[in-house]
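Values quoted throughout were computed directly from the atomic coordinates according to the rules given, and no laboratory measurement underlies them. These figures come from a predicted structure and were not determined experimentally. Note: ideal-geometry Cβ built from the backbone for every residue, glycine included; neighbour counts use all protein chains shown.
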Amino acid sequence: MHWFESQLLTLHQLAEAYNFSQTQKGNDILNMSEQGRQKRAAFIEAVQALVNRVIDSSGVTACAAYHDGLILAQSGKTPDTDALGALIQESIRVAQKGEAILNLGAIQQIVIVGDLNKIAMITVGPITLCVLSPKQTNLALSLSQYNG
């Protein structure tokens with residue numbers, strides 16, 4: 001497993017821990033609420049740390065994390081944060097419709113390639129991680145070798 005895959009695995013685990021903390025039932029509501037806040041904070045901190053490190057990968061222009069189309073973390077030069085959020089939200093919505101029709105299973109990744117640049121959208125728990133790069137960048141290779 002290379003660097004980026006291990007980082008995504010860690011984020012998935014943190015997201016699952018937070019989701020699990022939200023579903024627990026019990027009498028100690030204050031303690032459960034505090035545990036949930038701690039798990040949420042750990043997830044958000046890990047997301048920002050990953051976004052900050054991805055930008056050090058060769059050929060990556062920007063990296064951002066969105067939740068329901070709203071920016072959670074960003075690094076690098078994102079052309080228009082709000083437009084990117086709208087694109088992500090709509091792309092995920094359309095892909096989820098195709099998921100059911102085509103029996104794809106849960107959407108993990110969408111890549112849009114333009115004449116000049118491309119964007120990879122990767123679903124990680126409740127967020128969508130976006131990596132922007134020039135069209136010719138081999139993101140799989142670039143993200144497998146952490147240069148920071």
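Points worth noting:
- Taking the Cα centre of the chain as reference, the dipole from Cβ charges on Lys and Arg (+1) and Asp and Glu (-1) amounts to some 60 debye.
- Pairs of Lys in the chain closer than 17 Å at Cα, counting only those 8 or more apart or on different chains: 4
- A crude spin-label estimate for the pair S91 and A49, with each label 7 Å from Cα along the Cβ direction, gives 2.7 nm.
- Approximate spin-label separation L141-S6, in nm, with each point projected 7 Å along Cα-to-Cβ: 2.2 nm
- Centre-to-centre, using Cα atoms only, the stretch 51-82 and the stretch 99-132 are separated by 14 Å.
- With Cα atoms, 0 to 90° folded angle of helix 3-23 axis to the chain main axis: 30 degrees
- Helical runs (DSSP H, four residues minimum) scored at -39500 (n - 2.57) apiece and divided by the length of the chain put the mean residue ellipticity at 222 nm at -17500 deg cm²/dmol.
- Overall form of the chain per C-alpha gyration tensor (a/c, 1.5; a/b vs b/c): prolate
- In degrees, nearest ten, helix 81-102 long axis to first principal axis of the chain (Cα): 80 degrees
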